[in-house]
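The structure appears below as structure tokens.
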Amino acid sequence: MRRAFLYLLLLSVSGLLHGGQKSVVLIARADSKVSDLDSLTVRKLFMGWPVLVNGGPLHAIRNRSDEQLDEVFLQQVVAMSQSAYERQILTGLNRQGSIRPEDVTSQERVLQELLTDPNAVSFAWLRDVAHNPKIRVIRVLWSE
Amino acid sequence: MERVINSLRGRLLAVVLLINAALAPLLYLGLSRIVEEGYADLFVNSVRSYSRMVADQLEAVPSQDFAARSQDVLDDFAVSGLVVFAQIEDGTKRVRSAVSQLPAPGRGEDFHFHEHSDQAYYISHSVKRDDHEVVLRLGFDETPTLEQIAAAKRRVLAAVLAFALVSTVLAIALSRVIARPVVRLREAAKRIARGEVSTELLQHSSIAEMRELSHHLEHMRRELVGTSERLQSEIREREASEGKRLELERRLQHRERIATIGTLAGGMAHEFNNIMTPILLYSQLALNGTAQNGALASDLKRIVAAAHRARSLVNRILTFSREMDSQEARVFTLAPTVAEALALVRAIMPANIEIVVDPLEDTPPVSGDPGQLHQVVVNLCLNAYHAMRVAGGRLTLRLGAAEHAGKGGARERYAMLQVADTGHGMEPAVMQHIFDPFFTTREVGEGTGLGLSVVHGIVTSMGGSIQVESAPGRGARFTVLLPVATALEPAATDVA
Amino acid sequence: MASIVVVDDEADVGDAIRRVLEHSGFEVRAVNDAEAGLRAIEERPPDIVVTDVIMPRMNGLELVKILRTRFPRVRVIAISGGGSLGIQTYKPDAISTHAYLAAVREVGAQEILTKPFDMDELLAAVRRQLPN
């Protein structure tokens with residue numbers, strides 16, 4: 001009974017921390033070499049352009065596990081509509097031999113991919129990754 | 001009304017109208033959706049790009065000017081394009097464009113076109129300044145796009161309605177094209193049913209199947225008309241042959257009446273001959289015993305002359321009755337005529353010749369003159385009698401029916417008459433000539449030699465044939481075959 | 001004096017022939033049927049027999065046939081009435097008449113007269129059959 005009360009208290013505290021504010025954050029493995037990326041570089045990365053950090057190309061993972069997350073990504077990161085983004089990616093693939101960001105539709109898969117590849121970069125709701133010690137938040141992409 | 005619905009044209013129209021009624025709204029809704037999504041996508045894409053660009057440019061503005069110029073920068077963005085709201089939030093400090101027409105949004109930003117139904121699309125971006133981040137909020141007017149969408153929808157509606165209208169008109173035209181030949185075929189079929197069988201069923205149509213159908217129907221009609229014409233001509237032929245039969249019957253009755261008259265006249269002539277004989281003889285006798293110059297002699301001469309006239313008249317009557325009897329072929333059976341001839345033959349034959357009639361059954365009817373057949377029988381019997389005159393023997397007479405292949409190869413039926421004797425027979429050399437005129441083996445003065453040639457002539461004229469089988473010392477057998485009369489001519493009853 | 005037997009079922013005809021022949025000086029016996037004629041001939045064979053052919057019961061042909069076998073010397077003059085024999089007696093028929101004439105000749109009649117004949121024709125036929 002006492003333990004249940006404690007959990008409730010913790011929940012309400014975390015609610016205070018995150019409940020009012022929704023944030024989308026750029027993430028990588030905890031030991032990733034990536035320290036910070038400006039908004040233009042992030043956009044380039046997710047448009048399929050090669051981005052090198054310490055001589056190694058970054059691996060972009062598009063997290064499509066949540067619809068609103070995807071909309072935030074389109075509006076804030078690439079600043080395009082879904083169809084325009086698809087067109088851009090296809091054009092890049094065909095003309096410049098760019099790398100298409102990997103589409104992953106489940107949160108678990110995104111984390112798994114990130115953990116196996118030190119060069120992988122993705123994004124997620126802050127609340128989903130805030131307490132994960134294996135994941136490092138690089139920067140906030142959008143918050144409300 | 002029901003008739004219209006059940007007609008071919010009505011059906012076609014109904015189907016097309018139903019399809020239009022069901023498809024047009026679906027088409028409209030589908031096209032509207034595509035149009036809406038297209039415009040929304042275009043709008044969202046452009047406002048996202050624009051606001052991103054604005055945020056990037058704001059980041060590039062030098063720090064020292066930023067606070068002072070931020071109002072002007074926002075105004076610059078706001079006066080160009082669709083931006084109807086622009087604001088920078090730096091902590092609690094807010095800078096808002098003077099040209100902003102909209103109030104500050106209550107919360108957050110839009111991610112979809114026409115969200116929150118406030119006619120504006122709000123986007124907020126974090127703009128990185130030297131040490132902290134400020135938030136750029138932009139609002140874009142959705143009304144022009146909404147108006148464009150509405151206009152596009154109206155155009156879609158117009159297009160769909162036009163499509164429905166055109167397709168209906170085309171359906172009417174097509175149904176007419178399809179139905180017209182069918183209607184014409186129906187009219188033609190009606191006329192044929194009324195008996196105007198020469199009505200053509202061929203219809204000109206641009207539809208290949210219709211042309212083919214009408215072609216087949218026309219072909220069928222011609223076949224049927226041909227068949228019916230053949231049947232009709234057969235009926236006409238039958239009526240004609242029926243008429244012919246009646247005519248034959250009529251002529252037969254006429255002939256029999258004439259024959260009856262002839263027979264009566266002949267019988268009377270015979271009586272007259274008997275009566276005339278004493279008249280002639282007595283008057284001539286009386287004339288002999290009378291003075292040649294006296295009045296009595298003159299009277300008697302007149303009696304003799306009158307008797308002569310009467311004799312010639314009777315002869316003419318006899319000749320007439322004979323002609324009546326024999327001028328046309330009659331249909332008769334052999335037995336009565338042969339029986340008559342046999343009575344004569346029996347009278348002729350001496351006692352040492354036995355006459356055997358091996359049964360005198362009647363034969364199928366033949367066509368010809370019974371008198372001529374009578375002559376045939378008598379002549380054949382006389383021939384047999386001559387062959388057996390010295391040694392005597394047996395004369396066998398047979399009647400019957402036979403069947404053998406005729407000229408055409410088909411089996412034909414014949415009436416058969418056989419006369420056989422047990423006389424001296426003939427050498428093959430003699431047999432070759434027996435039917436020649438004036439050929440005879442008899443002593444001079446015994447016969448004319450015309451008998452068998454006359455028989456041959458009569459049998460041939462009746463369409464029959466005669467054969468002889470003989471060998472020296474073994475008698476002879478004559479076989480006469482006469483073709484059976486056609487069933488069309490009814491067998492004449494013998495004149496009593 | 002030649003002797004003649006006349007056979008005719010028609011009494012008028014027979015009598016007329018008898019009268020003509022008697023008038024010409026022949027001895028004549030006239031009878032009305034073939035049997036009577038045959039009896040008269042058997043009784044005293046004549047030189048000539050004048051006979052009708054068509055008669056009831058025994059007809060002339062049969063009579064002539066008998067005469068041919070039993071009295072071959074007797075001459076026969078047949079008188080035809082223009083009719084035929086058999087079933088259809090008295091049916092005049094051209095071919096039957098011819099056949100009949102042929103038959104009478106076959107059985108041995110020397111002369112054939114067709115009724116009605118003239119007195120002269122009868123006498124001529126008789127005279128032709130007499131020996132002298």
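The values are calculated or read from the model by the stated rules, or taken from the named source; none is laboratory data. Source: prediction; values computed, not measured. Cβ placement follows ideal geometry from the backbone for every residue including glycine, while neighbour counts extend to all protein chains displayed.
Considering only residues of segment B:41-56 that are buried (at least 19 other Cβ atoms within 10 Å of the Cβ) and small (Gly, Ala, Ser), which is nearest to B:ASP110 (Cα to Cα)? Write out each step before concluding.
Taking segment B:41-56 as the starting set, the residues that turn out to be buried (at least 19 other Cβ atoms within 10 Å of the Cβ) are B:43-45, B:47-48, B:50-52, B:54-55.
This time we only want the ones that are small (Gly, Ala, Ser), so: B:51, B:55.
Details: B:SER51: 13, B:ALA55: 17 Å.
Per the criteria, the residue is B:SER51.
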- [ ] Exactly one condition in (1) part of a loop (DSSP other than H, G, I, E, B); (2) modelled with pLDDT of 90 or more; (3) hydroxyl-bearing (Ser, Thr, Tyr) is not met by A:SER98; state its number.
- [x] (2)
Task: Search result, residues across segment C:1-39 that are within 14 Å of another protein chain (Cβ to nearest Cβ) and in contact (Cβ under 8 Å) with a residue 60 or more places away in the chain - done: C:ASP8, C:VAL13, C:ILE17, C:VAL20, C:LEU21, C:SER24, C:PHE26
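Just one of C:ARG68, C:ARG57, C:ARG73, C:ARG29 is assigned to a helix (DSSP H, G or I) and either more than 12 Å from the chain's Cα centre (by Cα) or surrounded by fewer than 22 Cβ atoms within 10 Å (Cβ to Cβ) (or both); which is it? Before you say what the answer is, go through the steps one by one.
On the way: C:ARG57 fails: assigned to a helix (DSSP H, G or I); C:ARG73 fails: assigned to a helix (DSSP H, G or I); C:ARG29 fails: assigned to a helix (DSSP H, G or I).
Of the residues listed, the single one that is assigned to a helix (DSSP H, G or I) and either more than 12 Å from the chain's Cα centre (by Cα) or surrounded by fewer than 22 Cβ atoms within 10 Å (Cβ to Cβ) (or both) is C:ARG68.
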Open item on the list: For the list (1) of a type in the set (Ser, Thr, Tyr); (2) assigned to a helix (DSSP H, G or I); (3) touching a strand residue (DSSP E or B) at 6+ places or on another chain (Cβ under 8 Å), I need the number of the one condition that A:SER122 fails.
Closed with: (2)
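Please state which one of A:SER106, A:SER32, A:SER98, A:SER23 is touching a strand residue (DSSP E or B) at 6+ places or on another chain (Cβ under 7 Å), of a type in the set (Ser, Thr, Tyr) and more than 14 Å from chain B (Cβ to nearest Cβ). Walk me through it before giving the result.
Numbers: A:SER106 fails: touching a strand residue (DSSP E or B) at 6+ places or on another chain (Cβ under 7 Å); A:SER98 fails: touching a strand residue (DSSP E or B) at 6+ places or on another chain (Cβ under 7 Å); A:SER23 fails: more than 14 Å from chain B (Cβ to nearest Cβ).
Unique residue meeting the criteria: A:SER32.
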Open item on the list: Every residue in segment A:2-42 that is charged (D, E, K, R) and either at pLDDT 90 or above or not in a helix (DSSP H, G or I) (or both), please.
Closed with: A:LYS22, A:ARG29, A:ASP31, A:LYS33, A:ASP36, A:ASP38
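Scan segment A:84-112 residue by residue and report those that are among the polar types (S, T, N, Q) and either within 19 Å of A:ILE27 (Cβ to Cβ) or surrounded by 12 or more Cβ atoms within 10 Å (Cβ to Cβ) (or both). Show your work before the answer.
Residues of segment A:84-112 among the polar types (S, T, N, Q): A:88, A:91, A:94, A:96, A:98, A:105-107, A:112.
If the condition is that a residue be among the polar types (S, T, N, Q) and either within 19 Å of A:ILE27 (Cβ to Cβ) or surrounded by 12 or more Cβ atoms within 10 Å (Cβ to Cβ) (or both), then A:GLN88, A:THR91, A:SER98, A:THR105, A:SER106, A:GLN107, A:GLN112 are the ones that fit.
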- [ ] Go over the candidates A:GLY55, A:GLY92 one by one and state the one that is modelled with pLDDT under 90 and touching a Phe, Trp or Tyr at 6+ places or on another chain (Cβ under 8 Å).
- [x] A:GLY92
- [ ] Considering only segment B:276-298, state which residues are within 26 Å of C:ASN32 (Cα to Cα) and either facing chain C (nearest Cβ under 7 Å) or at pLDDT below 85 (or both).
- [x] B:MET276, B:THR277, B:PRO278, B:LEU280, B:LEU281, B:TYR282, B:GLN284, B:LEU285
Task: Of all residues in segment B:181-223 being closer than 19 Å to B:SER7 by Cβ and either assigned by TED's automatic domain parsing to the domain that holds B:LEU8 or within 18 Å of the chain's Cα centre (by Cα) (or both), the one that is surrounded by the most Cβ atoms within 10 Å (Cβ to Cβ) - done: B:SER214
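Restricting attention to helices (runs of 4 or more DSSP H) lying wholly within segment B:1-86, give those where 2 or more residues are among the aromatic types (Phe, Trp, Tyr).
Numbers: elements: B:2-6, B:8-60, B:63-79.
Output list reads B:8-60, B:63-79.
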Task: Every pair of residues 6+ apart whose Cβ atoms lie under 8 Å, when the first sits in segment B:299-316 and is closer than 15 Å to B:TYR282 by Cβ and within 11 Å of chain C (Cβ to nearest Cβ) while the second is assigned to a helix (DSSP H, G or I) and basic (Lys, Arg) - done: none
Open item on the list: Looking only at segment B:129-152, count every residue that is in a helix (DSSP H, G or I) and buried (at least 22 other Cβ atoms within 10 Å of the Cβ) and tell me the total.
Closed with: 1
